[in-house]
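Participant: The structure follows.
The values are calculated or read from the model by the stated rules, or taken from the named source; none is laboratory data. Just so it is clear, the structure is predicted and the values come from calculations on it, not from any experiment. Counting neighbours? That spans all protein chains shown, and the Cβs are built from the backbone with ideal geometry, glycine included. Calculation scope for accessible area: heavy atoms of the full protein, side chains included, ligands and nucleic acids excluded. Shrake-Rupley method; radii C 1.70, N 1.55, O 1.52, S 1.80 Å.
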Amino acid sequence: MADSLQRRIDTEQCFTADVAHELRTPLMGPVTSAELLPEGEVTDLVQGRVRVLRDLVEDLLEISRLDAGAERSRPGPVDLAALVRDAVTRTGLAARVSGRDAAVVETDPRRLDRIVSNLVVNAHRHGAAPVEVVVAGRTVTVRDHGPGFPADLLAHGPQRFRTGTAERGRGHGLA
């Protein structure tokens with residue numbers, strides 16, 4: 001069973017690296033094109049979507065570098081409350097940030113910033129307002145007011161990538 005699990009992990013790691021590298025080059029065209037569009041509301045929308053896609057590809061590349069051991073964490077002392085406030089502000093999304101007894105923690109600030117940003121963006125994308133971020137001691141909690149996790153996720157747990165099945169009427173691909 002352990003060998004089977006390790007093969008699955010190795011397969012997912014290879015898949016992550018392959019997807020990230022295959023998406024990076026063709027993505028640069030839309031990134032550059034979006035920057036050349038004239039100012040306006042539609043341009044802001046297009047540029048925002050392109051940024052989200054670019055950030056997703058960068059996240060995949062970072063995961064693959066960490067999985068491969070090509071990159072290491074660079075921990076240092078971080079004021080947790082300040083980092084969380086800054087990360088939430090950079091998302092440009094509405095979220096109430098509060099804290100009590102926030103600590104200075106030993107962590108990689110770049111990765112923690114990315115994690116907090118992703119959680120806030122996902123709370124808006126997949127949940128519902130209001131989004132609340134609470135820093136208590138060494139714990140950061142991001143809460144939205146959406147409907148919660150689907151029953152399938154609760155039953156089978158999270159997976160980095162899932163392929164569609166014939167029962168759901170999908171072919172193989174990212175789900």
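Participant: Can you work out the FRET efficiency for the pair residue 155 and residue 104, with r the C-beta to C-beta distance and R0 = 45 Å, to the nearest 0.05?
Facilitator: Calculated transfer efficiency: 0.70.
Participant: Here's a follow-up. Which value, in debye to the nearest 20, describes the size of the charge dipole of region 15-60 about its Cα centre when Lys and Arg Cβ atoms bear +1, Asp and Glu Cβ atoms bear -1, and nothing else is charged?
Facilitator: 80 debye
Participant: Provide the gained length on full extension for the span residue 13 to residue 136, in nm with one decimal, where the gain is 0.36 nm per separating residue minus the Cα-Cα distance.
Facilitator: Contour length minus Cα-Cα distance gives 41.0 nm.
Participant: Sticking with this structure for a sec: Please list 149, 15 from largest to smallest accessible area, probe radius 1.4 Å, with all protein chains kept in place.
Facilitator: 149, 15
Participant: Any idea of residue 121's accessible area? Nearest 10 Å², probe 1.4 Å.
Facilitator: 40 Å²
Participant: Can you give me the solvent accessible area of residue 23 with a 1.4 Å probe, rounded to the nearest 10 Å²?
Facilitator: Taking all protein chains as shown, residue 23 has close to 80 Å².
Participant: Same structure again: What's the carbon and sulfur percent of the chain's accessible surface, probe 1.4 angstrom, rounded to a whole number?
Facilitator: About 56 percent, which is the carbon plus sulfur part of the accessible surface.
Participant: Once you place label points 7 Å from the Cα toward the Cβ at residue 143 and residue 27, how far apart are they in nm?
Facilitator: Modelled inter-label distance: 3.3 nm.
Participant: By its C-alpha gyration tensor, with a ≥ b ≥ c as the square roots of the eigenvalues, how is the chain shaped: rounded for a/c under 1.5, else prolate for a/b larger than b/c, else oblate?
Facilitator: rounded
Participant: For the charge dipole of region 1-119, defined by +1 on Lys and Arg C-beta atoms and -1 on Asp and Glu C-beta atoms about the Cα centroid, which residue among 103, 80, 34 has the Cα displaced farthest towards the positive pole?
Facilitator: Result: 103.
Participant: If you filter region 39-113 for GluC sites (Glu not before Pro), then keep DSSP loop positions with at most 10 other Cβ within 10 Å, what is left?
Facilitator: Passing both the DSSP loop test and the Cβ count: 39.
Participant: For residue 67 and residue 90, what is the calculated FRET efficiency with R₀ set at 25 Å and r taken between the beta-carbons, to the nearest 0.05?
Facilitator: Computed FRET efficiency for residue 67 and residue 90: 0.45.
Participant: What accessible surface, in Å², does a 1.4 Å probe find on residue 32, ignoring ligands, DNA and RNA and rounding to the nearest 10?
Facilitator: Probe radius 1.4 Å; accessible area of residue 32 about 70 Å².
Participant: Right, another one. Can you tell me the accessible area per residue over the chain, all protein chains present, probe 1.4 angstrom, in square angstrom?
Facilitator: 68 Å²
Participant: A further question follows. Ratio to report: Rg/Rh of region 62-146, with Cα atoms as the point set and Rh obtained by the Kirkwood method; give two decimals.
Facilitator: Rg/Rh: 1.01.
Participant: Sticking with this structure for a sec: Taking the Cα centre of the chain as origin, sum charge times position over the Cβ atoms of Lys and Arg (+1) and Asp and Glu (-1), and report the length of that vector in debye to the nearest 20.
Facilitator: The calculation lands at about 260 debye.
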